[in-house]
Amino acid sequence: MISRRVLLGLAFVAAIATPALAQDKSIVVASTTSTQDSGLFSHILPIFKAKTGIDVKVIAQGTGQALDTARRGDADVVFVHAKAQEEKFLAEGFGVKRFPVMFNDFVLIGPASDPVGIKGLDIETALKAIVATQAVFISRGDRSGTHAAELALWKDCGIDIEQAKGPWYKSIGQGMGAALNTAGAANAYVLSDRGTWLSFKNKGDLAILVEGDKRLFNQYGVMLVNPAKHPHVKADLGQQFINWLVSPEGQKAIADYKIDGKQLFFPNAGAPGA
Amino acid sequence: MPDGTSALQLVFGGDPALYAIVALSLYVSVCAVILAALVALPFGASLALTRFPGRAFVVVVLNAFMGLPPVVVGLSVYLLLSRSGPLGFLGVLFTPRAMIIAQALLVMPIIAALTCQTVEDLWLEYRDELTALRVTPARRVATLLWDARFSLVTTLLAGFGRAAAEVGTVMIVGGNIDGFTRTMTTAIALETSKGDLPLAMGLGLVLIALIIVVNALAWGARRIGEIRAG
């Protein structure tokens, strides 16, 4: 009786401890919260799976964390949006090659009542007004692509945010959705990618105040993790996914994703310099 | 999970994605409790019956570990199972197996500490008899665990409750992958971040209902067992 139980227990432990078999056609993609929270992956991945039979398992993290996950070898492909960080990743030898995939843009969100009065301004004037009035601003603070873009914007606009920040500047260290939730609750301003904003369901009194400035451009790129660094990387399946993303079919799938008739991401594979 | 639906629609409309998430939550937490119990029940009972220098220290640490922060356990298991970590060759990171291992580590101290207490109390009753019969230590552990089985159901439920309700470890080691490692708790976190607070709240109520059902089943099993045992 006891021995049978011990055997069962051992079998159970063995079942858990044995390495996962490589029978499944699947890859792990480290990507950003914006691509997941906006619903893009739920739209394009079933199309890719139907064509190739490959399961794409998406881990949604900030861009910085996604690149770190890939550096440790825990992902086959990275799909992120912070070109400078992506190029560093390539230079370190962790990535094979970077392919631009699509873009959308960032938008400055704030209370519809707009107490600072920045609606319709260019991004530089708007950010300066926020600093001058010390209106509450929510920063992602999580090394994500949007956080990197926010820091670059302060710098481009001639604002030293390290100097300027005070109690009004709240760094929450969380994803895009959480930042929007916080901004809604705190009547605050926040920088968001347009995709997450459009699909976000708890808009409350928030509205887009600044958009269309060319400094708000947001480029997404995809890279295969270098099998020379991490031999277990599923290079073949991963490259198939990348090839599909930049193919006319993949690009069309991205362009077809709309919420309330609005396109969220604009394919631009092969665009020079993107 | 389709957008724009309420949790009620998902539950009563028989949404397959929701059922898959519920099934995975149950599977992971139940496996974790079984795995933890295999180690923790004999360990807790042995600790109750033995006396050695430093035992008080072990008991205090064990009790303290009932409050292990899930994110710390998650992070430790993550670093262990990462491809760059010592057990990376297993390739189990971002799979349900990794989640089972992490949750098992989380509930092991709870089951061990509560078992230790239960068996210690029972030992006071049985000591004279078992000593007189010259029962070997291994048999003592087995006998006391068997006779405490009805109380230990509650111990296992405490472990299950902890496992099913936590989000920190499964988020880190599972990765919240749609259709693969997404559990009730990580789904709730995701829907919250998407701003769909009614759906998140609805899923939360489904999770609570699920935990009540599991506890009711365990209570029923315990009653039937007690009646049969007289």
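The values are calculated or read from the model by the stated rules, or taken from the named source; none is laboratory data. Owing to the predicted nature of the structure, the values given are computational and were not obtained by experimental measurement. In this analysis, Cβ positions are derived from the backbone assuming ideal geometry, glycine residues included, and neighbour counts consider all displayed protein chains.
Out of curiosity, is A:D74 acidic (D, E) and in contact with a helix residue (DSSP H, G or I) (Cβ under 7 Å, 6 or more places away or on another chain)? Spell out how you get there, then give the answer.
On the way: acidic (D, E): yes; in contact with a helix residue (DSSP H, G or I) (Cβ under 7 Å, 6 or more places away or on another chain): no.
The answer is no for A:D74.
Find the residue count for the range A:18-59, including only residues that are modelled with pLDDT under 95 and part of a strand (DSSP E or B).
Adding up the residues that qualify gives 1.
Limited to the range B:191-230, what total is found for residues that are closer than 27 Å to A:L40 by Cα and in contact with a Gly (Cβ under 8 Å, 6 or more places away or on another chain)?
Counting residues in the range B:191-230 that are closer than 27 Å to A:L40 by Cα and in contact with a Gly (Cβ under 8 Å, 6 or more places away or on another chain) gives 4.
Which of the residues that make up the range A:57-78 are among the acidic types (D, E) and more than 19 Å from A:K97 (Cβ to Cβ)?
Filtering the range A:57-78 for residues among the acidic types (D, E) gives A:68, A:74, A:76.
Within the range A:57-78, A:D68, A:D74 meet the criteria.
Can we say B:R97 is within 11 Å of chain A (Cβ to nearest Cβ) and either within 12 Å of the chain's Cα centre (by Cα) or of a type in the set (K, R) (or both)?
Numbers: within 11 Å of chain A (Cβ to nearest Cβ): yes; either within 12 Å of the chain's Cα centre (by Cα) or of a type in the set (K, R) (or both): yes.
It is true that B:R97 is within 11 Å of chain A (Cβ to nearest Cβ) and either within 12 Å of the chain's Cα centre (by Cα) or of a type in the set (K, R) (or both).
Any idea which of A:I59, A:I44 is within 24 Å of A:R140 (Cα to Cα) and either touching a strand residue (DSSP E or B) at 6+ places or on another chain (Cβ under 8 Å) or away from every other protein chain (no Cβ under 11 Å) (or both)?
Going through A:I59, A:I44 in turn, the sole match is A:I59.
Can you find, within the range A:231-250, the residue that is surrounded by the most Cβ atoms within 10 Å (Cβ to Cβ) among those that are part of a loop (DSSP other than H, G, I, E, B) and in contact with a strand residue (DSSP E or B) (Cβ under 7 Å, 6 or more places away or on another chain)? Break it down stepwise before answering.
Step one: of the range A:231-250, the residues part of a loop (DSSP other than H, G, I, E, B) are A:231-234, A:247.
Narrowing the set further to residues that are in contact with a strand residue (DSSP E or B) (Cβ under 7 Å, 6 or more places away or on another chain) leaves A:233-234.
Values: A:V233: 23, A:K234: 20.
Restricting to residues being part of a loop (DSSP other than H, G, I, E, B) and in contact with a strand residue (DSSP E or B) (Cβ under 7 Å, 6 or more places away or on another chain), the top hit is A:V233.
Tell me yes or no: at least one residue of the range B:103-115 is part of a helix (DSSP H, G or I) and facing chain A (nearest Cβ under 10 Å).
The answer is yes, given that some residue of the range B:103-115 is part of a helix (DSSP H, G or I) and facing chain A (nearest Cβ under 10 Å).
Given the criterion modelled with pLDDT of 95 or more, under 22 Å from the mean Cα position of the chain (by Cα) and within 14 Å of chain B (Cβ to nearest Cβ), identify the matching residue among A:V233, A:V246. Full working, then the answer.
Details: A:V246 fails: within 14 Å of chain B (Cβ to nearest Cβ).
Only one candidate passes the filter, namely A:V233.
Quick grid of which residues meet (1) in contact (Cβ under 8 Å) with a residue 60 or more places away in the chain; (2) surrounded by 15 or more Cβ atoms within 10 Å (Cβ to Cβ); (3) in a helix (DSSP H, G or I); (4) not assigned by TED's automatic domain parsing to the domain that holds A:F137:
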| site | (1), (2), (3), (4) |
| --- | --- |
| A:P167 | no, no, no, no |
| A:A178 | no, yes, yes, no |
| A:A183 | yes, yes, yes, no |
| A:W197 | yes, yes, yes, no |
| A:K201 | no, yes, no, no |
| A:A228 | yes, no, no, yes |
| A:K252 | no, no, yes, yes |
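Go through the range B:81-102 and give me each residue that's part of a helix (DSSP H, G or I) and surrounded by fewer than 18 Cβ atoms within 10 Å (Cβ to Cβ).
Pass one, the range B:81-102, residues part of a helix (DSSP H, G or I): B:81, B:88-90, B:96-102.
Answer for the range B:81-102, where residues must be part of a helix (DSSP H, G or I) and surrounded by fewer than 18 Cβ atoms within 10 Å (Cβ to Cβ): just B:F89.
Please verify whether B:D128 is within 30 Å of A:G184 (Cα to Cα), among the charged types (D, E, K, R) and surrounded by fewer than 24 Cβ atoms within 10 Å (Cβ to Cβ), treating the condition exactly as stated.
Values: within 30 Å of A:G184 (Cα to Cα): no; among the charged types (D, E, K, R): yes; surrounded by fewer than 24 Cβ atoms within 10 Å (Cβ to Cβ): yes.
Considered against the rule, which asks whether it is within 30 Å of A:G184 (Cα to Cα), among the charged types (D, E, K, R) and surrounded by fewer than 24 Cβ atoms within 10 Å (Cβ to Cβ), B:D128 comes out as no.
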